[in-house]
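Data block below; observations after.
What follows draws every value from the coordinates through simple rules; no lab data is involved. If you're wondering where the values come from, they're calculated on a predicted model, not measured in any experiment. Cβ: placed from backbone, ideal geometry, glycine included. Neighbour counts: every protein chain shown.
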Amino acid sequence: MKIKIIDVWAEWCAPCKKFTPIFHALEEKYPDIEFVKVNVDEDSSLLREFNIRGIPAIIFLVDGSVVRTHIGILSMGQMEQHISDLLYGESVYTN
C-alpha cells in the first residue's frame, strides 16, 4: 500500500504557514509515506483536478486514489489520526 499526502498551499496563506511545521514533522516521522507540498501560485492544476475551493487543502491518497480531502488546517493529533486510519485500515471517508 502506497500512501501519499499532498499539502496544497500558498505563500500568502497564514493558515498554510502555520501548518507547514506540522507537515514537515510528520514527513520525518513517517518516512514510508510520500509527503508533497504544492504551491497553488506555481501550479494550480491540483485545484481543478481535485475541485479544491480553499486552502490549505490536504489530500490523502492510497495507491493513487484519493480517499480523503480536508480543507483547512489540521493539528498534529488530527493528522496522526488520519494517518493511523489509513495505515491500519480504519474507516475511510472524505471530509
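The percentage of C-alpha pairs in the range 3-87 whose separation is greater than 16 Å is 47%. Taking every DSSP beta bridge that has both ends in the chain, the antiparallel portion is near 65%.
Along the range 35-49 the Karplus relation, 6.51 cos²θ - 1.76 cosθ + 1.60 evaluated at θ = phi - 60°, assigns HN-Hα couplings of 10, 10, 10, 10, 7, 5, 6, 9, 8, 8, 4, 5, 4, 6, 4 Hz to successive residues, with x for each Gly and Pro.
Computed extension length for residue 65-residue 29: 10.7 nm, one decimal, from 0.36 nm per residue of separation with the Cα-Cα distance subtracted.
For the range 18-95, trypsin sites (Lys or Arg not before Pro) are listed when DSSP marks them as loop and at most 13 other Cβ atoms sit within 10 Å of their Cβ; the list is 53.
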